[in-house]
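Inspection log for the structure reproduced underneath, given as structure tokens.
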Amino acid sequence: MLISSRKHSDTDHPPSSFGHSLCLQSSSSSLNPKEEFNLTCGFLIYLTAFVALIKTSFWCSLRPMSMSLISKGTYSYWLLFTYTIFTSHLCNGFYLPGSYMHTYSTRDEIFAKVNSLTSIETELPFSYYSLPYCTPPGGIKKSAENLGELLMGDQIDNSPYRFRMNINESIFLCTTHPLTEHEVKLLKQRTRDLYQVNMILDNLPAMRFANQNGNKVQWTGFPIGYTPPNSDNDYIINHLKFKVYVHEYEGTSAQIFGTGEEGMGVISSTNDEKKASGYEIVGFEVFPCSVKYDEKMSKLHQYDDVASMDCPMEIEKLQVIREQERVSFTYEVEFIKSDIKWPSRWDAYLKMEGSRVHWFSILNSLMVIVFLAGIVFVIFLRTVRRDLTRYEDLDKESQAQMNEELSGWKLVVGDVFREPTNSKLLCVMIGTGIQITGMAFVTIVFAALGFMSPASRGMLLTGMIVLYLFLGTGAGYSGVYLWRVIKSTSDGWRGVSWSISCFFPGIVFIILTILNFILWGSNSTGAIPISLYFILFSLWFCISVPLTLLGGYLATRPDPLTYPVRTNQIAREIPERKYPSWLLVLGAGTLPFGTLFIELFFILSSIWLGRFYYVFGFLLVVLLLLVVVCAEVAVVLTYMHLCVEDWGWWWKAFFASGSVSVYVFLYSINYLVFELQSLSGPVSAILYLGYSLIIAVAILLSTGTVGFVTSFYFVHYLFSSVKID
């Protein structure tokens, strides 16, 4: 979204937690329609030139000999890039993608929206209108949903809850027909499963305060019903008290470009130089209660005024859920002026007690891991340098004495680059790991910059899918290039490319299909519709597969990396060891897991307990530290295996760092047993374990790739640094 001529006060700053509305400003003059068009086109040209420049620089780094062939193209890209930089002064400012600001006048009507009903007990989302709630006057209409929202099971519908800006009122909605046996059973089941109604006003979730173990905590949404202790009756929530916090805004004339649900275009514009005033919604709280009404309520019409009331505390005054009962729904709203500015309105949600990050614990863990990794790295450097020095000194002595005193890694010089077993599978997993690692890194960087804030529901998952699709070129290139290095030929590159494009998506598709049948059987909105299956298949075969094949084809063009030593025709026998090598490989995953497990707790809490995760800066630090530790662990283990004359280091290097996924999956099971004790039913457990398995496989491929690539270049460098007779 683009904003021009917007003047902020010193306190009107973007939230530092996720950079939701980073604003870049220059002048305060308004733009005419022609300048608006030029501004939009110039921004698009800027992005195009930047992408083209990066692409050209990338190819220059890969093909130094071809610089003369593309120097003219590079020069043109530089001119275009420089031109767009100098003409960017037309842009007064822009917000990073997210939700744009709405300014309302007094008595403007605002309708709340409702998302799927959710519960931490079952993890099965259901439609809001699957229960006998009041419907809007114009019928139920679904809001536009992106790919991420659909995959997460979100179903956002309109609702009859109407708010009129700065008008405090108490409203009657409707009275239901006599509840049937099926409706009573469904309401009781949803109430006892602790399902929550998730209401949204101006893109803000409804927040409520509750007392938990004597502490005041904040939650989003409100429960469907209430079951008193030692009681067989359930009571429905049918009266809501809303508090809407508004901030009065006064500014110069503004023209706001938005890309929200209404589509791209001008949201509001004023061409005069007068002050434009209005109200922004900066807070949305709800206090739910149950009230038993008399039969007179059934004679009222929707949006009729009713008397304001206090929530009753006596059981006999609550609305019980039973057959033939008619439930009347009412609500009241109070508008309260607030000093909170619109860019800071999400701070209240990000400071929730349940999602507060233990900063000092994370920093302490990171410092310990960095210290341990530094010690391992220093020891490794000293050991390798000592071996190389001893070899250079002993190379002048007799052959017998040299063989007796040299380290074991020198003895496997003729087997160290022998083709590993299942080499095609290794190339496929390395290519897929490159794709997943690139997707994770770019996604976290963009999230840390504020492009994927909590205000943009589903944007994080959508961005991950799009990045994974377009990184297929890198996956195909790296996998086929490794295939050519191992085989010394390009034969079979098409099969490798096809396998890369289908390996991880195929695993995810099989798991999701099994889970989807379970969700379909439960009539949950979390089930992926058939239409979305076709969309995913289209994205897979129309974007990912062709780009992977393109990357594989490009990998057949350059000369492959050559080994510094020759491989013997007869393989050297690997000496027997007291302990199996897989124990050492499995134990190596504990060090990378140490960098991850604290952050993993908060990530799992955000996924399964409905808490907001917003510390992507810390997650980026953890990711970089994880990459460093995985690389060091893999190199040290590879060196240890070479020292005991074990030349089969290929798969061991991959699983040395990839074994962290085993601990991640075991930790997920531990989280299920001890943190999700209220999770009810085998269906919920199967869903949890299925999604955890997908995450573990992705971590295996990503961390294993980091370890293997580092070990490969270490072995190549080690054996190219010595004189081989």
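Can you spot a residue in the range 411-434 that is part of a helix (DSSP H, G or I), among the polar types (S, T, N, Q) and more than 30 Å from residue 569 (Cα to Cα)?
Just the residues of the range 411-434 that are part of a helix (DSSP H, G or I), to begin with: 411-412, 423-434.
Pick out the ones that are also among the polar types (S, T, N, Q) and you get 423, 432.
Then keep just the ones that are more than 30 Å from residue 569 (Cα to Cα); that gives 432.
Checked against the condition, which is being part of a helix (DSSP H, G or I), among the polar types (S, T, N, Q) and more than 30 Å from residue 569 (Cα to Cα), the range 411-434 yields at least one hit.
How about the range 637-691: which of its residues are over 30 Å from residue 572 (Cα atoms), of a type outside the set (Gly, Ala, Ser) and in contact with an Asp or Glu (Cβ under 7 Å, 6 or more places away or on another chain)? Before the answer, list the steps.
At the first step, the residues of the range 637-691 found to be over 30 Å from residue 572 (Cα atoms) are 660-691.
Filter once more, keeping what is of a type outside the set (Gly, Ala, Ser): 660, 662-667, 669-677, 679, 682-683, 686-689, 691.
Passing the criteria: 679, 687, 688.
Just checking, does the range 492-501 include any residue being out of contact with any Asp or Glu (no Cβ under 6 Å at 6 or more places or on another chain), crowded, with 17+ Cβ neighbours inside 10 Å and of a type in the set (A, V, I, L, M)? Please lay out each step first, then the result.
First pass over the range 492-501, keeping only residues out of contact with any Asp or Glu (no Cβ under 6 Å at 6 or more places or on another chain): 492-501.
Then drop every residue that is not crowded, with 17+ Cβ neighbours inside 10 Å, which leaves 493, 496-497, 499-501.
The next check asks that each one be of a type in the set (A, V, I, L, M); those that pass are 496, 500.
Taking every residue of the range 492-501 in turn, at least one turns out to be out of contact with any Asp or Glu (no Cβ under 6 Å at 6 or more places or on another chain), crowded, with 17+ Cβ neighbours inside 10 Å and of a type in the set (A, V, I, L, M).
Answer yes or no: is there a residue in the range 158-175 that is in contact (Cβ under 8 Å) with a residue 40 or more places away in the chain, over 24 Å from residue 138 (Cα atoms) and crowded, with 18+ Cβ neighbours inside 10 Å.
No; the residues of the range 158-175 include none that is in contact (Cβ under 8 Å) with a residue 40 or more places away in the chain, over 24 Å from residue 138 (Cα atoms) and crowded, with 18+ Cβ neighbours inside 10 Å.
Restricting to the range 457-472, name every residue that is surrounded by fewer than 21 Cβ atoms within 10 Å (Cβ to Cβ) and either in contact with a Leu (Cβ under 9 Å, 6 or more places away or on another chain) or outside any helix (DSSP H, G or I) (or both).
Listed by number, the residues that qualify are 458, 461, 462, 465, 466, 469, 470.
Test each condition in (1) open to solvent by less than 30 Å² (accessible area, probe 1.4 Å); (2) touching a residue at least 24 places away in the same chain (Cβ under 8 Å) for residue 209 and report the one that comes out false.
(1)
Would you tally the residues in the range 146-182 being touching a Phe, Trp or Tyr at 6+ places or on another chain (Cβ under 8 Å) and among the small types (Gly, Ala, Ser)?
2
Could you check how many residues of the range 412-455 are open to solvent by less than 20 Å² (accessible area, probe 1.4 Å) and either without any contact (Cβ under 8 Å) to a residue 60 or more places away in the chain or of a type in the set (S, T, N, Q) (or both)?
5
The values are calculated or read from the model by the stated rules, or taken from the named source; none is laboratory data. Worth saying up front: this structure is predicted, and the values here are computed from it rather than measured. Cβ: placed from backbone, ideal geometry, glycine included. Neighbour counts: every protein chain shown. Quick note on the areas: whole protein, heavy atoms, side chains included, nothing else; ligands and nucleic acids left out. Shrake-Rupley method; radii C 1.70, N 1.55, O 1.52, S 1.80 Å.
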